[in-house]
Amino acid sequence: AMATCSVPSPVSPCRYAPRHCSARRAARLIARRVAASSRRRLDDGFVDVDNATRTRRAFLANLSVATALATVPFGGAVVAAETFVQPLAAQLVDAKATRVRVMETTTLSGTVGIGGTSSLAIHKSLSPPLTSITVPMRLDRAGTYVVEYEIGGTTVRGVLDTGSPFITMEARCSEVWGCLRERDAHRSGFDDTFEVYGLQQDGVTRWVLGDVTFTGVDGALEQLPDTNRTDESTGTTGTTTGSSGIFTDTTDTVRAPSPTRTQFSFPELSFGVTSETTGRAGSSGGGVASAPNVGLVKHRKNWIRPTFLEQTDVKSFSLDFEKDQLTLSRVSLIPRSTKAQVFPLVDLRPLGAPVFHYAVRVDELWINGGRYRPSDGVVKPIYAVFDSGVTGCLVSKKLFYDSAFQFGTYESHVRVRDENGTRNSIGTSLQTCTGRCLFLAIPVDVEWVGFEDCHILFLGLAFMYGKGGLTVDIDDERVTLGRA
């Protein structure tokens with residue numbers, strides 16, 4: 001028969017398993033003392049968890065109190081006895097929920113998690129979670145923007161591309177792009193693929209999981225020091241005073257205190273590691289034509305691998321070409337009341353596109369001062385995609401060889417209607433595209449099934465520089481050229 005331990009009356013001896021009864025009585029006395037001690041220490045603003053180890057319940061009671069003190073503003077409202085009488089499972093759930101509530105916000109040495117909890121988060125602050133973060137961009141010699149971030153514990157770089165959906169890295173080490181270590185990522189459940197872009201073709205792409213982190217400042221501050229500009233006359237790098245373009249030496253200059261730096265962390269994010277990247281026919285080779293990407297296209301068709309932004313709660317982003325900054329935002333950056341120069345996005349997936357490109361419908365296309373008219377008289381719809389991974393302009397082949405593009409282009413612009421119905425001109429020319437701007441129009445194969453009855457242009461940085469920036473409200477399907 002299994003021995004049992006009944007609760008004796010004050011005058012009755014413990015008849016069965018007296019050692020167990022004595023141990024339980026002692027445990028109850030110790031638990032009461034620990035709970036009382038916890039309440040006293042709570043009043044003093046201190047809990048000593050190390051001494052609360054004699055019973056499992058007493059330990060959990062003090063652990064819950066300590067967690068509450070670390071995560072809840074002190075007000076004396078936490079009662080240890082309430083946690084003490086909860087079942088073990090409930091205590092663990094409550095303690096975990098209390099910690100999770102603050103995993104998204106930190107201060108200088110902390111992490112701001114996007115899209116929920118983060119394995120990289122450090123619980124340092126009780127301030128509201130940030131809605132946006134601004135990080136610096138650097139214009140490389142190939143004419144595209146490069147952003148620096150971290151995968152695992154390794155600093156890496158990639159071309160900032162509003163025409164691509166993925167974060168990709170090369171498997172081989174590079175002084176320019178970085179060198180991933182084995183512990184920075186691990187295999188996902190996705191099969192390997194071959195990825196083909198407009199002017200780039202990747203080798204075998206292995207899909208892995210890793211923690212991705214961007215470091216910057218609160219996007220609302222907009223005070224990142226501009227260290228990315230290069231003085232074209234001297235080739236030296238410095239900071240600019242506003243947008244005047246005056247360069248100052250950064251070596252001995254005493255700067256004003258910079259804003260508190262913070263991080264957006266994306267834990268266990270799926271991205272691609274490629275065996276190689278090569279330029280396709282028609283590309284210039286190197287730079288934009290052969291580089292890892294930080295793709296900002298969010299939505300896709302089901303057969304495409306998960307995109308970078310799809311795995312976050314980023315709803316909007318902005319590229320500032322005057323300050324060389326990227327802003328990622330969890331809220332819309334374009335005011336809903338603004339209609340002028342705000343264009344509705346067109347989803348090209350029903351027409352064969354594999355992803356939701358940031359495209360607009362073109363009313364008119366002008367090349368070298370003349371309006372495009374099809375040679376066969378059959379008018380087809382024309383769409384323009386804003387693509388920061390392109391320096392000049394990519395033109396679908398049928399349109400390229402049916403227009404003045406084929407004879408060389410010194411000027412081109414498109415006319416697009418905004419939400420007010422007003423026609424706006426977006427364009428560039430060899431006369432206005434100088435300095436870091438590079439304007440070149442080249443043909444490209446658009447191998448989208450179902451897109452044969454349409455034309456498309458991928459408008460690169462040359463078409464955006466004159467407006468100062470590009471802002472896309474992804475979830476609201478709106479875009480504007482200009483700073484957020």
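The values are calculated or read from the model by the stated rules, or taken from the named source; none is laboratory data. Keep in mind it's a predicted model, so treat the numbers as computed, not measured. Neighbour counts run over all protein chains shown; Cβ positions are idealised from the backbone, glycine included. Ligands, DNA and RNA are stripped out before the accessible areas are found, and what is left, the full protein with its side chains, is counted by its heavy atoms. Shrake-Rupley method; radii C 1.70, N 1.55, O 1.52, S 1.80 Å.
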**Report entry** Derived scalar couplings ³J(HN,Hα) [the range 445-456; Karplus, 6.51 cos²θ - 1.76 cosθ + 1.60; whole Hz; x for Gly, Pro]
**Finding:** 6, 10, 8, 9, 5, x, 9, 5, 9, 9, 10, 9
Query raised in the report: ARG187: accessible area at probe 1.4 Å, nearest 10 Å²?
Result: 120
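Quick one: if the Förster radius is 22 Å, what FRET efficiency do LYS398 and SER425 give, using the C-beta to C-beta distance and rounding to 0.05?
For R0 = 22 Å, the calculated efficiency reads 0.40.
Can you give me the accessible area per residue for the range 362-459, using a 1.4 Å probe, in Å²? Walk me through the intermediate numbers first.
Details: 4620 Å² over 98 residues.
Dividing the accessible area of the range 362-459 by its residue count gives 47 Å².
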**Report entry** Under 5 Å, built H, 5+ apart or other chain: amide partners of LYS380
**Finding:** none
Report summary line: Heavy-atom accessible area of THR262, protein chains in place, probe 1.4 angstrom, given in Å² to nearest 10, is 10
Query - Ranked order, PHE407, PHE190, PHE166 - accessible area, probe 1.4 Å, largest first - result: PHE407, PHE190, PHE166
Query raised in the report: What are the residues whose amide H is under 5 Å from the amide H of GLU195, where those residues sit 5 or more places off or on another chain and H is modelled from the backbone?
Result: ASP202, THR205
Query raised in the report: In nanometres, what is the gap between the two model label sites at ARG32 and VAL378, each 7 Å from Cα along Cα-to-Cβ?
Result: 9.3
Report summary line: Probe 1.4 Å, all chains present, heavy atoms only: GLU447 accessible area in Å², nearest 10, is 140
Query - Note, ³J(HN,Hα) from phi for the range 408-413, Karplus 6.51, -1.76, 1.60, rounded to Hz, x at Gly and Pro - result: x, 10, 10, 7, 7, 8
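How much length would be gained if the chain were fully extended between ARG181 and THR338, taking 0.36 nm per residue of separation minus their Cα-Cα distance, in nm to one decimal?
51.9 nm
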Query raised in the report: On the accessible surface of the range 298-407, probed at 1.4 Å, how many percent belong to carbon and sulfur atoms?
Result: 52
Report summary line: Any residue on another chain or 5+ positions along whose placed amide H is under 5 Å from the amide H of VAL342 is listed here as GLU419, ASN420
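Ordering ILE474, ILE304 by how much accessible area each has at a 1.4 Å probe, largest first, what is the list? Please report the intermediate quantities before stating the final value.
Details: ILE474 5, ILE304 25 Å².
Ranked list, largest accessible area first: ILE304, ILE474.
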